[in-house]
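For reference, the structure is listed below as structure tokens.
The values are calculated or read from the model by the stated rules, or taken from the named source; none is laboratory data. Since this is a predicted model, take the numbers as computed values, not measurements. Every residue, glycine among them, receives a Cβ derived from its backbone with ideal geometry; neighbour counts consider all protein chains shown. Ligands, DNA and RNA are excluded from the accessible area calculation, which covers all protein heavy atoms including side chains. Shrake-Rupley method; radii C 1.70, N 1.55, O 1.52, S 1.80 Å.
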Amino acid sequence: MAAPTAVEKTMTKRTETLLKPVSTTSQAGESFSADSWTGQDCLVDFLEKEVGSDLKSLKNVGDLLEKLREENNVLEEQVNETKTHIATQYNVTGLVLYLFHLQGAQPWMDNLGQTLNQVDTIERHVKYLRCLQHIEELSDFEKVLTQLHWPIISPPTQSLTPTANAQEISSQLELLVTQLLALQTSYPFSLGFYTPVFSPPLCLPIQIMLLPLSRRFRYHFYGNRQTNSLSKPEWYLTQVLMWMGNSSTFMEEKIQPILDRAGATISAMVELCRGLLSLVQEKVASDASRLLYDDVLFCHLVEEVLQFEKELRSNQSYPAALPGLLHLLLEDATLQKWLTVEKKMAVEKMDAMLSAEGAWSSQYKDISDMDELKAPDCAETFMTLLQVITERYRALPCPSAQLKFLGLQRELVDDFRIRLTQVMKEESRCPLGARYCAILNAVNYISTILGDWGDNVFFLQLQQAAVSLGEEVVLGGLGVLEVGRLASLEGSLFEGLLALLDRLKGDMLGRLLEWTMREIADKAKPYGQDRWLSLPPQHDQSTMTLSSSACPMMLCVRDRLLNLHQVLSLSLFQLAWQGLAERLDNVLYQDVILSNHFSEGGAAQLQFDMTRNLFPLFGHYCKRPENFFKHVKEACIVLCLNVGSAILLKNLLKESEDEARDLAGAGDPPPESALNELGVYCLAPCDVLILLNLRASWPGH
């Protein structure tokens, strides 16, 4: 047998190595011996099968090795896939366990979050307390204020002799105020004084100065103190105004110069007022919410707040740009309550004023200079009520709220008009009575005042606001044209009411004149039946006297004029006597002149009665009363023409009439020219012809 080659030796060595018992250790540290694993047997079987006893077949070992590597790779991939699958299952299971654990830990996390928030709050409080501690260190300031007798509770009195260390105290005061200003600049904060969001915080030195006043305010006006009374808001409002007034000199002389030198562009007095107002605002807001169900106390609070605001702006010169107390009344519930109570009390007052004993008499009836309008007491009281409402809401800082009150006022005016109409209907059986005329005066008075309001600047501003805001309370029911007229200030917010009042006034005045003329016309009947055709001519007018048949009519006219002058307002009386003159002119022209024929003496008597007796009755109220009796005046002119002028005029009018029928004579002057020369302007040529035919004094007749 040939000696083994080197390759064969190597293979034999490897085979022996493989056949040795081995021990392996798993990743988990467990040992596996040859007794527990029969890998060697498998290997021997594999080699015998693939190589056999023929050593020459060892040349195929390389291919075998490659094959084994491929199979090994396949096995490794399978193992990796298995590991991935197991890991995925493990991750899903872990996630479920994590979520379950998280759900169980959520209450602990919530408690931890609350604890952390509390820690954060405590940290901020600690910082705040440290700042307060620093302020306390600077409050040598309060000691200095005490030495200067601050706070000034009562009106200050002038010290006879200045204190010995006045200069030192002033220096300390300036130093401390300056340091406090610097502290607030580096760390802005408030000592509890509320300021609106849009307003800067109060000046820190002023905040410290306000602390003793704040303590006094809360001591007296909160809790169970007798001074804390819902029925007496004037106690704390007046107290705050007194503090403001008492402190003004101190703030202007001691604090303001320091602020100016420190470059602080603020007013010491305004800052003090702002701080005190914060106390009052909190108190008023609290009281108002508690009084929403007590009409009397609520109204009293509103009145006191309005008075406080008025004094704050006028006496303390508090800037209009800064809020006072009125914005508290604009809260929805408070404003609606105010409107409701305002209407309720106004209606109650209307009932009372219309049923009062002296409702229809004027309180100025014995003072002629003050009684031009002759307004009855009920109408004057009503308009005063409206004016008071206006003054209450005039200062409100919100046009929309003001327009709500204007809508209420218009509603009240219409309500009062309806009430007047109802009373008027009861009195319409006697239009010449005192009460009927008083109602007419009331309607005229209200209409006059509303007309003046329509030109008032305040109501014109509200008118513009109503158009710009499209306020339905005021503009409801108006068309585009009406709104356009309001926008251009051609119209008025009271136009609709004025139209209703004017219609009522016209109806009442017409009924009054109708009754008056009925009486006068009855007295004029004998005058119309007089012997106008048979009266002889009068050559001397100085001997003429009033026709006896005219006396009852003239007396009735005189008495009615005097009565109307006494009971009607001046403007109404102007309308009344002019309307009476117009109606009387028509009655005399129709029932006396056109119903008779006139001799020369009759025409002269008619002219005398009119020009010397009737017209002068109206001459007390105008310079040329004849201009209000145009028909009667011109009829007298025509009837009293001398015979020659009358003939010429008659011929001219007839020729003009014939030419007009024949459409000829277009170049001739119109007959109106001749009539105008005679003083006839109202009567038409045909009417003049009729009058000329009523003359009995013609040649040959």
(message) Over 29 Å between Cα atoms: which of LYS232/LYS374; LYS623/LYS650; LYS310/LYS365; LYS343/LYS505 fall into that group?
(response) LYS232/LYS374; LYS623/LYS650; LYS310/LYS365
(request) Give me the Debye-computed log₁₀ of I(q)/I(0) at q = 0.14, 0.21, 0.22 Å⁻¹ for region 375-513, equal point scatterers on Cα only, no solvent, two decimals. (result) -0.67, -1.23, -1.31
(message) Once each part is reduced to its C-alpha centroid, what is the distance from region 211-280 to region 430-460 in angstrom?
(response) 47 Å
(message) What is the ratio of the Cα radius of gyration of region 207-262 to 2.2 N^0.38 Å, with N the residue count, to two decimals?
(response) 1.42
(request) Report the full-extension gain for the segment ASP559 to VAL119: residue separation times 0.36 nm, less the Cα-Cα distance, to one decimal in nm. (result) 148.7 nm
(message) Computing the accessible area with a 1.4 Å probe over protein heavy atoms, can you report the carbon and sulfur percentage for region 550-613?
(response) 48 percent
(message) Give me log10 I(q)/I(0) at q = 0.11, 0.24 Å⁻¹ for region 437-542, Debye formula, one equal scatterer per alpha-carbon, no solvent.
(response) -0.56, -1.21
(request) Would you mind estimating how fast region 290-363 diffuses translationally, via Stokes-Einstein at 4 °C and 1.567 mPa s with the Kirkwood radius over Cα pairs, in µm²/s? (result) 89 µm²/s
(request) Determine the per residue accessible area of region 316-432 with all protein chains present and a 1.4 angstrom probe, expressed in square angstrom. (result) 49 Å²
(message) Kirkwood Rh and Cα-based Rg: tell me the resulting Rg over Rh for region 467-617, rounded to two decimals.
(response) 1.25
(request) Evaluate the distance, in nm, between pseudo-label points positioned 7 Å from the Cα of HIS220 and of THR421 along their respective Cα→Cβ axes. (result) 5.5 nm
(request) For GLU677 and TRP698, calculate 0.36 nm times their separation in residues minus their Cα-Cα distance, and state this gained length in nm to one decimal. (result) 5.3 nm
(message) Treating region 595-654 as a set of equal point scatterers at the Cα positions, no solvent, please give the Debye-formula log₁₀ I(q)/I(0) at q = 0.14 Å⁻¹.
(response) -0.46
(message) Checking a compactness column here: for region 519-569, what do you get for Rg(Cα) / (2.2 N^0.38 Å), N being the number of residues?
(response) 1.48
(message) Under a crude label model (7 Å from the Cα following the beta-carbon direction), how far is GLN387 from CYS622 in nanometres?
(response) 3.2 nm
(message) Show me the ranking of peptides 591-597, 454-460 by mean Cβ neighbours inside 10 Å, starting with the highest.
(response) 591-597, 454-460
(message) Can you compute the FRET efficiency between VAL79 and ARG130 using 1/(1 + (r/R0)^6), with r the Cβ-Cβ distance and R0 = 60 Å? Round to the nearest 0.05.
(response) 0.35
(request) Hey, could you get me the Stokes-Einstein D for region 540-672, Kirkwood radius over alpha-carbon pairs, 37 °C and 0.692 mPa s, rounded to whole µm² s⁻¹? (result) 193 µm²/s
(message) If each residue of separation counts as 0.36 nm, what is the full-extension length gain between ASP332 and ALA285 once their alpha-carbon separation is subtracted?
(response) 15.7 nm
(message) Suppose R0 equals 30 Å. What FRET efficiency, 1/(1 + (r/R0)^6) with r the Cβ-Cβ distance, do CYS398 and LEU230 give to the nearest 0.05?
(response) 0.70
(request) Go ahead and run the numbers for FRET between ALA182 and THR146, Cβ-Cβ distance against an R0 of 30 Å, rounding to 0.05. (result) 0.85
(request) Using the heavy atoms of the protein chains and a 1.4 angstrom probe, tell me the accessible area per residue for region 519-561 in square angstrom. (result) 58 Å²
